[in-house]
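See below for the structure under consideration.
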Amino acid sequence: MTNRTLIAAAAAALLATPAAAQTIAITGGTVMPISGPAIPNGTVLIQNGRIAAVGANVAIPAGAVRIDATGKTVTPGLFESSTNIALVEVDAVGTTNDYRFQDEDQVAAAFNVADGINPRSMVIPVTRIAGVTTVVSRPAGGLISGQGLAFDLIGDNVGEMAIRSPIAMFGSVSESEQDDAGGGTRGGLFMRLREALEDARVWARNPQAFERGETRQFSISRLDLAALQPVLRGELPLVLEAHRASDIQTAIRIAQEYNLKLIIAGGTEGWMVADDLARARVPVLVKVLRNLPESFESLGARYDNAALLRRAGVQVAITTGETYKAFNIRQEAGNAVAYGLPYEEALRAVTLYPAQIFGVADRYGTLEPGKVANVVVWDGDPLELLTRVDQVIIRGQQVPMVSRETMLRDRYMNLDENVRSYRQP
């Protein structure tokens, strides 16, 4: 087969929609259901896009597609809980950036990134063939950035891909927003947050009066006032990026004042206030590989942050916080184990816990009958960096193990006579 033929075949696989869900039996591997102990020589049976059975003695229907996982490991697909996947293609090209809404008030609660999702983003196949099957893609920038969504990395349009939209409201009380939204101070940043929440609470008492022009002037728009209502009712979580210990404590106080369902993203110094987070039952999305004092809000950065938080009783989801390198999530989890997080907890932190934190654990996060069939077959320990992904199944469909990176690898693996080598004169 020539390189041109190989490239054409790979491109077709990259852009093609996977075939309709089949009956699939993954047999012979060590199944790690996350919901219970590992099952040696186990079977995962998939039917109609869902997990039908998991165990050591599962009857396999005639005609089922069999995947031999002997000597391999089978887990749920990994869940990346903080990314901009499908919202940006080239960081340096502003027209491909759909995750940041430029608003002078620094409040864009009504902004929902779902309408900007690109199902054909080249970042999607790169990420999913590394074992990541589900992501939360979020907005960024400003005090209140807007609404994110959760979706599986398969499908031709956002309606097919989406799990829940919106999945959460996102914002930031980090140093990066201090000047623009806070008048240069942390107190000003939190003052603006309280003002927006208070305005939304007042507006909800009599929205008709606002329409008639019979209310005081509000600090944010009508659309933003309306968009904050599910947050104030506790129906939609508020994910706040916060790193300094004192900022995390202030965020907890405000959440308690307004009865908000709070999630902390980043939490670099979270270990310092782990007991406060545990008492308030506030989960944290942690990037493990953040151990340098990159700014004054992260002077307390350390590798064992996730382990210390979990030891205190805080629910932790591990994230890369990346878009182009979201596949490094298992490296983050592996390093968490190296610095004290129990292995089983690290696996839950990239499967079950993010699903629980975002309220979709009834369908995601474990290998159990009835759940969505997002399954990965690994040729070894999934948290070992040299382990390769053998098979990825999303919603019961086998995903082509092709990305732009693999196409480039294959393109230049063996140069035939039709391709000029750069080594030639």
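Worth pointing out:
- Evaluated with a Cβ-only charge set (Lys, Arg +1; Asp, Glu -1), region 78-364 carries a dipole of roughly 760 debye about its Cα centre, given to the nearest 20.
- Taking amide hydrogens as placed 1.01 Å from N in the peptide plane, the amide H of residue 53 sits under 5 Å from those of 45, each at least 5 positions away in sequence or on another chain.
- Summing charges over neighbours of residue 271, with a neighbour being any other residue whose Cβ is under 13 Å away from its Cβ, gives +1 when K and R count +1 and D and E count -1.
- Top positive-direction residue, dipole computed over the chain with Cβ charges, set 135, 44, 254: 44
- Measuring between their Cα centroids, region 227-249 and region 312-381 lie 22 Å from each other.
- Annotation note: trypsin sites (Lys or Arg not before Pro) in region 269-310 located in DSSP loop regions with a Cβ neighbour count of at most 12 within 10 Å are 281.
- Degrees between helix 3-15 axis and first principal axis of the chain (Cα, 0 to 90, nearest 10): 50
- Dipole-positive endmost among 318, 347, 121 within the chain (Cβ charges, Cα centre): 347
- Computed over the chain, the per-residue total of -39500 (n - 2.57) for DSSP H runs of n ≥ 4 gives a 222 nm mean residue ellipticity of -8000 deg cm²/dmol, rounded to 500.
- Per-peptide average of other Cβ atoms within 10 Å, ordering 120-132, 218-230, 254-266 highest first: 120-132, 254-266, 218-230
- Relative contact order [Cα under 8 Å, 6+ residues apart], region 139-179, whole percent: 47
- Nearest-ten-degree value, helix 186-205 long axis tilted from longest Cα axis of the chain: 80
- Mean separation of Cα contacts under 8 Å (6+ apart) over length of region 167-271, as relative contact order %: 30
- Listed residue (365, 87, 301) projecting farthest to the positive dipole end of the chain, Cβ model: 365
- Among 80, 160, the order by Cβ neighbours within 10 angstrom, fewest to most, reads 160, 80.
- Rg to Rh, two decimals, where the chain supplies the alpha carbon set and Rh follows Kirkwood: 1.01
- Tilt relative to the chain, helix 329-338 - C-alpha long axis, 0 to 90 degrees, to 10: 80
- Mean separation of Cα contacts under 8 Å, 6 or more apart, over the residue count of the chain: relative contact order %: 20
- Loop-located GluC sites (Glu not before Pro) in region 162-229 whose Cβ has at most 16 other Cβ within 10 Å (DSSP): 214
- Ratio of the Cα radius of gyration of region 138-249 to 2.2 N^0.38 Å, where N counts its residues: 1.21
A short reminder: the numbers here are calculations on the coordinates, not readings from a lab. On a predicted model such as this, the values are computed, not experimentally measured, just so you know. Every residue, glycine as well, gets a Cβ built from its backbone with ideal geometry; the counts of neighbours run over all protein chains shown.
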